Amino acid sequence: MTAPTPLIAGNWKMNGTAAALGEAKAIAEGAAGAAGRVAICPPAVLIHRMAEALAGSSVLVGGQDAHWEDAGAFTGDTSAEMLADAGAKLVILGHSERRDGYRETDDIVAAKTRAALRAGVEPIVCVGETLAQRKAGEALAVVTGQVRGSLPAELAGQAFSVAYEPVWAIGTGLTPTMPEIEEVHRAIRATLVEQFDDHGKTAPILYGGSVKPGNAAEILHADEVGGALVGGASLKAEDFLGIIRAL
Ligand code: PGA
């Protein structure tokens, strides 16, 4: 079984207007020949313009969330089909800022993942423990529980990735130690194999939470780390390219 193809995905969160498309183009130019797949997930309203701006490059465009229904009376929401129509190839689902801020449960994340698959959009499903859960020794139980609950059986045979993002490491400059990252990534891999047999070996497991050019090489070469989900450092081409080159 060959190792999963690594993926570096930038999560722009609620940052970026049309003025930021130049930064995306600089990322695409610099990422040519990258040792893995590269994606930028901008705010939904920028997806279409970014997909057009990056057409012909190897950089993929993704969404940051999608509704679990394909269409309907859901004011303010965006369906996976709409993301696909706008040019998104991937979508981040179950980010901790959605789980915490919008009370997204594992069941909701699993339903959104099914919706992404129906639309042909590759899901990046996020999991991660809080600091209190880590201090209580519950990190592995929480994360593997989220993997079991958020990844539906329909993912069997489909392309997807899991992003391990310790909540306390997001946007804080704090990162777990390498043994801590490897311990969680190995536990996620074992859970994926339990759920999906051999196919569970093919999904990259991304690490996310304060990944920067300075720590990327060490993190990206850790056991079972198959890429990164990058927030703040994906907004500037220079920083994001520093991470991509560390692959
Ligand atoms: P950060 O965010 O890189 O700014 O810590 C990561 C994320 O939330 O995906």
Q | Alpha-carbon Rg with Dmax, taken over the chain, Å | A | 16.5, 48
**Q.** Long-range amide H partners of residue 208 with built H, under 5 Å
**A.** 164, 165, 229
Q) Considering amide H positions built from the backbone, and no H for Pro or chain starts, which residues 5 or more places from residue 79, or on another chain, come under 5 Å of its amide H? A) 67
Q. Using θ = phi - 60° and the Karplus curve 6.51 cos²θ - 1.76 cosθ + 1.60, what whole-Hz ³J(HN,Hα) does each residue of segment 67-75 get, with Gly and Pro shown as x?
A. 6, 7, 9, 7, 6, x, 7, 10, 3
Q) Of 221, 206, 244, which is farthest along the charge dipole of segment 173-247 in the positive direction, counting Lys and Arg as +1 and Asp and Glu as -1 at C-beta? A) 244
Q: Enumerate the calculated ³J(HN,Hα) couplings along segment 187-197 in order (Karplus 6.51 cos²θ - 1.76 cosθ + 1.60, θ = phi - 60°), each rounded to whole Hz, writing x wherever the residue is Gly or Pro.
A: 5, 5, 4, 4, 5, 4, 5, 4, 7, 10, 6
Q. Taking H as built 1.01 Å from N, whose amide H comes closer than 5 Å to the amide H of residue 8, not counting residues under 5 places away?
A. 37, 38, 39, 228
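I'm a student and want to see the number: the projected area of the Cα convex hull of segment 1-144, averaged over all directions, in nm². Each step should come with its number before you reach the end.
Details: hull surface 41.8 nm².
Reported value for the Cα convex hull: 10.4 nm².
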Q) How high is the relative contact order of the chain, in percent, counting Cα pairs under 8 Å that sit 6 or more residues apart? A) 21
Q. In debye, nearest 20: dipole of the chain around its Cα centre with unit charges on the Cβ of K, R (+) and D, E (-)?
A. 340
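Could you sort out which of 135/201; 201/236; 13/89; 13/201; 112/201; 89/236 sit more than 27 Å apart by Cα distance in this structure? Mind showing how you got there, number by number?
Details: 135/201 29 Å; 201/236 32 Å; 13/89 17 Å; 13/201 29 Å; 112/201 22 Å; 89/236 22 Å.
Cα-Cα > 27 Å for 135/201; 201/236; 13/201; rest within.
Relative contact order of segment 109-247, please, whole-number percent, based on alpha carbon pairs below 8 angstrom and at least 6 residues apart.
Details: 234 pairs, mean separation 30.7, N = 139.
With pairs under 8 Å counted, the relative contact order is 22 percent.
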Q: May I ask you to evaluate 6.51 cos²θ - 1.76 cosθ + 1.60, the Karplus curve with θ = phi - 60°, for each residue of segment 215-231 and list the ³J(HN,Hα) values in order in whole Hz, giving x for glycine and proline?
A: 10, 5, 4, 5, 5, 5, 9, 6, 4, 6, 8, x, x, 9, 10, 10, x
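Could you give me D for segment 139-247, from Stokes-Einstein at 10 °C and 1.306 mPa s, where the hydrodynamic radius is the Kirkwood radius over C-alpha pairs? Units µm² s⁻¹, please.
Rounded to a whole number, D works out at 112 µm²/s.
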Q: Per DSSP H run of n ≥ 4, the term is -39500 (n - 2.57); total these for the chain, divide by its residue number, and report the mean residue ellipticity at 222 nm rounded to 500 deg cm²/dmol.
A: -12000 deg cm²/dmol
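Bear in mind that the values in this text are calculations on the coordinates, not laboratory data. Note that the structure is a prediction, hence the values are computed from the model and not measured. Here Cβ is always computed from backbone atoms with ideal geometry, including for glycine, and neighbour counts include all displayed protein chains.
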